[in-house]
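Contents: one structure, followed by commentary.
The values are calculated or read from the model by the stated rules, or taken from the named source; none is laboratory data. Remember, predicted model here, so these are calculated numbers, not experimental data. Virtual Cβ from ideal backbone geometry, glycine too; neighbours counted across all protein chains shown. Calculation scope for accessible area: heavy atoms of the full protein, side chains included, ligands and nucleic acids excluded. Shrake-Rupley method; radii C 1.70, N 1.55, O 1.52, S 1.80 Å.
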Amino acid sequence: MIAVEVKELTRRFGNFTAVKKVSFSVRKGEIFGFLGANGAGKTTTIRMLCGLLVPSSGQARVAGLDVYTEYEQIKKNIGYMSQRFSLYEDLTVRENIRFYGGVYGLSRAQIKERTEELLSFLKLHEQAHKLTASLPLGWKQRLALSTAMLHNPQIIFLDEPTSGVDPVSRKNFWLLIYQLASEGRTIFVTTHFMDEAEYCNRVSIMQDGVIAELDSPQELKKKYHASNMQSVFMNVVKRAQNEPDSF
Amino acid sequence: MNRILFSIIKKEFWHILRDYQTLMVILAWPVLMLLLFGYAVTLEMRQIETVVVDQSHTPQSRDFINALASTSFFKMVDSDVPQHDFEHILQERKARCILVLSPDFAQSLQVNPETKIQLLIDASDPNAANYIQNYLMQISAQYNFKTNTKLVLPFVVEPRILYNPDLKSYFFFVPGLVAVIILLISALLTSIAIVREKEVGTMEQILVSPVHPIQIIIGKTIPYTVIGFLDSALVLLMGHYLFHVPIIGSLWLLTFSMFLYIVTGLSFGLLISIITNSQQVAMLAVLMSTMLPTIMMSGFIFPVESMPVLFQYVSVIIPATHFLTIIRGILLKGSAFADLVPQLSYLALIAGFLITLSIRKFKTTLE
Ligand SMILES: Nc1ncnc2c1ncn2[C@@H]1O[C@H](COP(=O)(O)OP(=O)(O)OP(=O)(O)O)[C@@H](O)[C@H]1O
Ligand SMILES: [Mg+2]
C-alpha cells in the first residue's frame, strides 16, 4: 500500500525553484524522514502534499487522492503539524482541542471522548485548562500533535516537530511517533537532528530543492562507510556541492 | 456544516473576551468620539456678537432691539458706537454684525410702506453671514406682524420648520456622527480578523482542515456583528439622552437598518483583511478608505445634492450616504420602511457585493 506518491513535483516562487522535480513514494505505516539544510525545500514539499501550496508541475497523490483536484478529500485524511506553532496562544489547551474537533466536524460526544483520549495519551491532563501561551514549547508541540490527531488521520505530516525542544522531550515525542506508526499510521517527518534520522524507516536527504539520497539509515551508513547519520549527511552535502550538475 | 460554523463563532468570541483591553477600547472609543465631536464640532450658531447703533432713540426702536436681544441668537456686546469705528469693530472681530437704526426709524414706520434698517455683516464666513441675515429677517418679520396688524401683503410665506423646529444642528449632526462611527468601528473590527491569523500563522492550521471559506467568513462576521451592535446602541443611546436627539420612528426599523449597515461595514473590513498581509496595512487601509469618503461625500457635512455631479455618483457606493438618509429619516421624521426601501436596498446590495467578493478572494492556499 502506498500512502504518498510523488512524481517530478516542482514548485517555483517567481524565478526561484524551491522544489525541483522530486519523486518518491511512502509506504503505509512507514516513518519517513525528510532531512535537509535550511531552505532545502522540505516545508515547501510538505505544504504541496497538504493542499497548502499548489505545485507548479508534477504529480502527487496522498492517500490515493490527487493533490490538484481532490485536496478537499485529502484534508480529511491527513494530520498536519506546521513548523511554526500555529495553535491559538490565547486559548486553553482544551479549548484548542475542542475548536479543532468542531472544525473537523466531530460531534460533541466525539470531541469529549477524543479530548480525554488525547490528553491522557499525550499526558497533557494537568495542562488542560492552562492558556496555551503559558506552556513550554515541548508541551505546545504535544498539543499541536494532539490537534493534528483529532480526526484519526491515517497519514500524519510533522514539520520539524522537535525543533527548539529539550532532549528529554524530544525522546518522549519520538516514543509517541513510534506508537502512532505501530497503529498502522504513516508518519512523514522532517528534522534537523541526525540522531532522529536513525529512528526513521527510510530517510530522504534534500539539498537545494532536489532529493540527493533516499534509503534506510542502515543502507545509507553502509554506502557512505559511516558510523552515524551525521557523517552520512555531511558526505551527501559535500558530494552535492562538488558536483551540483548531477542533480 | 453547522457545527463547524458554531466552533468558529465560539472561538472568535473567546478571542474577543480574552483580549479585554482591546474590547474596552472598542467600546470606549466610539463614546469618546461622540462626546468629542458632538460637543466640539457643532454647526449650530448662537450668541452672535452684535453691536446695535440706535440713532432713533424712540420706544419703537427700543422695542425692536428688545425683540432681538430676547433671542439667544444675538448677543449685544456694545451699542451706539460712532460710524467711523464700524470698520475697526468688524476687523478686530469684536462683533460679527452691526445693526443700524436710522434717526427716522420711528417716523418712517408710521408714514412709509417700507422702512429700511441697515445690517453690516462680517462675511468672511459666508455661511454664518447668510445665517445671520436670515435670522434677522425672521425676527423683523415677526416684529412687523406684531406691531402692524393692518399690514396687508399680497401673500406671506410663513415657513413652518418641521421635524426639527428649533433648527438644532445637533439633531442633524449626531445621527450623522453615529453613521460615521458605526462604519469605522465595524470595518476596523473585522479588518484584522483574518490578516491577524495569517500573520501569527494560525491560518495555516485552519487551511489544512476541511473548512470552507464561507464558514470562516460567516463565522468571523457573526461575533463582530454582536460587538458592532452593542457599540452602535451605546452611541445611539448617548445621542438620545445626552444630545436629546429624538427617536420618532420605529425602533424595529432602526434596529434592522443598523444591522444591515453594520454588516456592510464588517464585510468591507473582511475584504480588506483578506486582501492584505499585515494587520497594520489592513487598519490603515480601512482608515483611509472609510474616513474621508464617509465624512466628505456621504452628506454628513455637505448635502449630496450640492456636490459636483461626479461626486454624487461616487456617493452612491458609500454605505454611509444611504444610512444617513435612513437614520435621519427614522430619528427625526419617523420615516417608515416603505420610505426607505431604496436606501435599504442599496445597503443590502453593497453588503452582498462585498461578501461575495470576500469569498472569491479568500485564498485556501498559502502564498
Ligand atoms: N512563499 C514563498 N515565497 C518565496 N520563496 C519561498 C516561499 N516559501 C519558501 N520559499 C523559499 O523556498 C526555499 C525552500 O523553503 P522551505 O521552507 O521549503 O525550506 P525548508 O527545507 O523547510 O527549510 P527550513 O529547514 O529552514 O525549514 C527557501 O529558499 C525559501 O526562502
Ligand atoms: Mg521548513
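Could you list, in sequence order, the residues of the range A:44-80 that are within 10 Å of ligand 1 (Cβ to nearest atom) and either hydroxyl-bearing (Ser, Thr, Tyr) or surrounded by fewer than 22 Cβ atoms within 10 Å (Cβ to Cβ) (or both)?
A:Thr44, A:Thr45, A:Leu53
Tell me which residues, restricted to the range A:21-43, are under 19 Å from A:Thr10 (Cβ atoms), away from every other protein chain (no Cβ under 14 Å) and crowded, with 19+ Cβ neighbours inside 10 Å. Outline the logic, then answer.
Quick first cut of the range A:21-43, residues under 19 Å from A:Thr10 (Cβ atoms) only: A:21-26, A:34, A:36, A:39-43.
When the remaining residues are screened for being away from every other protein chain (no Cβ under 14 Å), the result is A:21-26, A:34, A:36, A:39-42.
Matches in the range A:21-43: A:Val22, A:Val26, A:Phe34, A:Gly36, A:Ala40, A:Gly41, A:Lys42.
Return the residue satisfying two criteria in turn: it lies in the range A:81-113 and is in a helix (DSSP H, G or I) and among the aliphatic types (A, V, I, L, M), and of such residues it is farthest from ligand 1 (Cβ to nearest atom). Even if it seems obvious, please write down each step before you answer.
At the first step, the residues of the range A:81-113 found to be in a helix (DSSP H, G or I) are A:93-103, A:108-113.
Now drop any that are not among the aliphatic types (A, V, I, L, M), which leaves A:93, A:97, A:103, A:109, A:111.
Values: A:Val93: 26, A:Ile97: 26, A:Val103: 24, A:Ala109: 38, A:Ile111: 32 Å.
Ranking the qualifying residues of the range A:81-113, first place goes to A:Ala109.
Over 24 Å from the mean Cα position of the chain (by Cα), open to solvent by 20 Å² or more (accessible area, probe 1.4 Å) and in the same structural domain as B:Tyr346 (by TED's automatic domain parsing): is that true of B:Ile247 in this structure? Don't jump to the end; show me each part of the working.
Details: over 24 Å from the mean Cα position of the chain (by Cα): no; open to solvent by 20 Å² or more (accessible area, probe 1.4 Å): yes; in the same structural domain as B:Tyr346 (by TED's automatic domain parsing): yes.
Taking the combined requirement at face value, the residue does not satisfy it.
If you go through the range A:44-53 one residue at a time, do you hit one that is away from ligand 2 (no atom under 12 Å from the Cβ), away from chain B (no Cβ under 13 Å), out of contact with any Leu (no Cβ under 6 Å at 6 or more places or on another chain) and in a loop (DSSP other than H, G, I, E, B)?
No, the range A:44-53 contains no residue that is away from ligand 2 (no atom under 12 Å from the Cβ), away from chain B (no Cβ under 13 Å), out of contact with any Leu (no Cβ under 6 Å at 6 or more places or on another chain) and in a loop (DSSP other than H, G, I, E, B).
Residues to consider are A:Arg94, A:Arg61, A:Arg12; find the one that is at pLDDT 95 or above, within 14 Å of chain B (Cβ to nearest Cβ) and away from ligand 2 (no atom under 16 Å from the Cβ).
Details: A:Arg94 fails: at pLDDT 95 or above; A:Arg61 fails: within 14 Å of chain B (Cβ to nearest Cβ).
None of the others qualify; the one that does is A:Arg12.
Which one of these does B:Ala40 not meet: (1) at pLDDT 90 or above; (2) surrounded by fewer than 18 Cβ atoms within 10 Å (Cβ to Cβ)?
Checking B:Ala40 against (1) at pLDDT 90 or above; (2) surrounded by fewer than 18 Cβ atoms within 10 Å (Cβ to Cβ), the one that fails is (1).
When only residues in the range B:11-36 that are surrounded by 16 or more Cβ atoms within 10 Å (Cβ to Cβ) and within 13 Å of chain A (Cβ to nearest Cβ) count, which is nearest to B:His244 (Cα to Cα)?
B:Ile16
Condition test on B:Lys361, is it in contact (Cβ under 8 Å) with a residue 24 or more places away in the chain, more than 30 Å from B:Ile217 (Cβ to Cβ) and either open to solvent by 30 Å² or more (accessible area, probe 1.4 Å) or not assigned by TED's automatic domain parsing to the domain that holds B:Met203 (or both)? Give the steps one after another, and end with the answer.
Values: in contact (Cβ under 8 Å) with a residue 24 or more places away in the chain: yes; more than 30 Å from B:Ile217 (Cβ to Cβ): no; either open to solvent by 30 Å² or more (accessible area, probe 1.4 Å) or not assigned by TED's automatic domain parsing to the domain that holds B:Met203 (or both): yes.
Spelling it out, it is not the case that B:Lys361 is in contact (Cβ under 8 Å) with a residue 24 or more places away in the chain, more than 30 Å from B:Ile217 (Cβ to Cβ) and either open to solvent by 30 Å² or more (accessible area, probe 1.4 Å) or not assigned by TED's automatic domain parsing to the domain that holds B:Met203 (or both).
Tell me whether the range A:163-171 contains one or more residues that are touching a helix residue (DSSP H, G or I) at 6+ places or on another chain (Cβ under 7 Å) and within 16 Å of ligand 2 (Cβ to nearest atom).
yes
Among the numbered criteria (1) loosely packed, with under 13 Cβ neighbours inside 10 Å; (2) without any contact (Cβ under 8 Å) to a residue 40 or more places away in the chain, which single criterion is violated by B:Pro59?
Of everything listed in (1) loosely packed, with under 13 Cβ neighbours inside 10 Å; (2) without any contact (Cβ under 8 Å) to a residue 40 or more places away in the chain, B:Pro59 misses just condition (2).
Which members of the range B:191-230 meet the condition of being away from chain A (no Cβ under 13 Å), farther than 18 Å from A:Ser86 by Cβ and open to solvent by 10 Å² or more (accessible area, probe 1.4 Å)?
Once the filter is applied, which keeps residues that are away from chain A (no Cβ under 13 Å), farther than 18 Å from A:Ser86 by Cβ and open to solvent by 10 Å² or more (accessible area, probe 1.4 Å), the range B:191-230 yields B:Ile214, B:Ile218, B:Thr221, B:Ile222, B:Tyr224, B:Thr225, B:Val226, B:Ile227, B:Phe229, B:Leu230.
Just checking, does the range B:325-339 include any residue being without any contact (Cβ under 8 Å) to a residue 12 or more places away in the chain, closer than 27 Å to B:His240 by Cβ and either assigned to a loop (DSSP other than H, G, I, E, B) or assigned by TED's automatic domain parsing to the domain that holds B:Gly249 (or both)?
Within the range B:325-339 (the criterion being without any contact (Cβ under 8 Å) to a residue 12 or more places away in the chain, closer than 27 Å to B:His240 by Cβ and either assigned to a loop (DSSP other than H, G, I, E, B) or assigned by TED's automatic domain parsing to the domain that holds B:Gly249 (or both)), the answer is yes, since at least one residue qualifies.
Residues in the range B:243-258: is at least one within 14 Å of another protein chain (Cβ to nearest Cβ) and not hydrophobic (A, V, I, L, M, F, W, C)?
Our first condition is that a residue be within 14 Å of another protein chain (Cβ to nearest Cβ); within the range B:243-258, this holds for none.
Scanning the range B:243-258 turns up no residue that is within 14 Å of another protein chain (Cβ to nearest Cβ) and not hydrophobic (A, V, I, L, M, F, W, C).
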